[in-house]
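Q: The structure follows.
The values are calculated or read from the model by the stated rules, or taken from the named source; none is laboratory data. Quantities reported herein were computed from a predicted structural model and do not represent experimental measurements. Here the Cβ is made from the backbone with ideal geometry for all residues, glycine too, and neighbour counts use every protein chain on show. Note: accessible area is taken over every heavy atom of the protein model, side chains too, but ligands, DNA and RNA are not part of it. Shrake-Rupley method; radii C 1.70, N 1.55, O 1.52, S 1.80 Å.
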Amino acid sequence: MIKQVLVVVAGLLALTGCAAPAPPDYAAQHQPAVDAYVAAWSGADLGGLDAAMTADVKRQSPGGLSSDGLDALKKVMTDLRTSYPDTKVVLDENYHMQDRSFHLWTFTGTNTGPGAALPTGKSVKLMGATFMRYQDGKIAEERVYFDALDWQLQLGYTLTPPATGGMPAAQ
């Protein structure tokens with residue numbers, strides 16, 4: 001009986017030793033860079049981006065918010081934070097893979113500061129999505145998606161129909 005118990009215990013130990021290792025925690029690997037990036041958008045010192053982003057980081061975004069390189073990205077952030085001094089970015093959902101992540105976010109801010117256009121004094125709330133690619137633990141690329149028309153409408157801009165007076169007649 002003791003032999004049988006020892007055989008069963010040895011077998012269980014052998015089986016548990018053969019289990020596949022747990023996958024890497026990619027979220028934990030990306031989190032320092034993501035935290036620094038979100039904090040920078042929301043008003044933190046931009047110096048924290050140096051450790052979070054590659055020097056040649058590329059950002060594609062609607063609304064004139066694209067950039068090529070870390071210095072250009074810092075300028076985009078500074079300009080937006082000047083136009084929206086109470087800028088806040090919140091990550092609503094996060095998904096991580098080995099060298100990529102996907103985030104759903106909400107941006108809020110009030111357009112009270114100077115910028116490319118006169119301030120409207122209106123508050124905006126935008127929801128969007130971001131894909132990030134990492135290189136050596138730093139963000140190397142970001143692709144941003146949000147409804148730029150919704151942003152403009154919240155600021156009080158309106159659409160003007162074309163001067164042609166409507167659709168051409170069917171032939």
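Q: Measuring with a 1.4 Å probe in the full set of protein chains, what accessible area per residue, in whole Å², belongs to the range 23-68?
A: Numbers: 2220 Å² over 46 residues.
I get 48 Å² per residue for this part.
Q: Considering only protein heavy atoms, what per residue accessible area in square angstrom results for the range 99-171 with a 1.4 angstrom probe?
A: Values: 4720 Å² over 73 residues.
Value returned for the range 99-171: 65 Å² of accessible area per residue.
Q: Hey, got the dipole for the chain? About the Cα centre, +1 on K and R Cβ, -1 on D and E Cβ, debye to the nearest 20?
A: About 220 debye.
Q: Roughly speaking, to the nearest percent, how much of the range 36-135's 1.4 Å accessible area is carbon and sulfur? Mind showing how you got there, number by number?
A: Numbers: 2880 of 5070 Å².
Taking all protein chains in place, the range 36-135 shows 57 percent carbon and sulfur surface.
Q: Can you spot the aspartates and glutamates whose alpha carbon is less than 17 Å from Lys125's alpha carbon? Ignore those fewer than 8 places along the same chain.
A: Correct list for Lys125: Asp86, Asp92, Glu93, Asp147, Asp150.
Q: Quick one: grab the alpha carbon gyration tensor of the range 94-171, order the square roots of its eigenvalues as a ≥ b ≥ c, and give me rounded if a/c is under 1.5, else prolate or oblate depending on whether a/b is larger than b/c.
A: Taking the square roots of the gyration eigenvalues as a ≥ b ≥ c, the range 94-171 is oblate.
Q: Next question. Students often forget the sequence filter, so: which aspartates and glutamates lie under 15 Å Cα-Cα from Lys88 once same-chain residues fewer than 8 apart are removed?
A: Partners within reach: Asp35, Asp45, Asp79.
Q: Straight-line reach from Lys75: which lysines have Cα under 16 Å away, leaving out those fewer than 8 places along the same chain?
A: Filter leaves Lys58.
Q: Set Lys and Arg Cβ to +1 and Asp and Glu Cβ to -1, take the dipole of the chain about its Cα centre, and tell me which of Tyr134, Thr164, Ile2 lies farthest positive.
A: Farthest towards the positive pole: Ile2.
Q: Can you sort Tyr95, Tyr37 by 1.4 Å-probe accessible area, starting with the largest?
A: Working: Tyr95 115, Tyr37 5 Å².
Greatest to least solvent exposure: Tyr95, Tyr37.
Q: Classify the range 56-102 as rounded, prolate or oblate from the Cα gyration tensor: take a ≥ b ≥ c as the square roots of its eigenvalues, call it rounded if a/c is under 1.5, otherwise prolate when a/b beats b/c and oblate if not.
A: In terms of gyration-tensor shape, oblate.
Q: Taking a ≥ b ≥ c as the square roots of the eigenvalues of the Cα gyration tensor of the chain, is the shape rounded (a/c under 1.5), prolate (a/b larger than b/c) or oblate?
A: It comes out prolate by the Cα gyration axes.
Q: Now, a different point. Which one, Val89, Val34, Leu104, projects farthest toward the positive side of the charge dipole computed for the chain from Cβ point charges (K/R +1, D/E -1)?
A: Sorting the options by dipole projection puts first Leu104.
Q: Between the alpha-carbon centers of the range 32-58 and the range 86-111, tell me the distance in whole angstrom.
A: Each part's Cα centre sits 13 Å from the other's.
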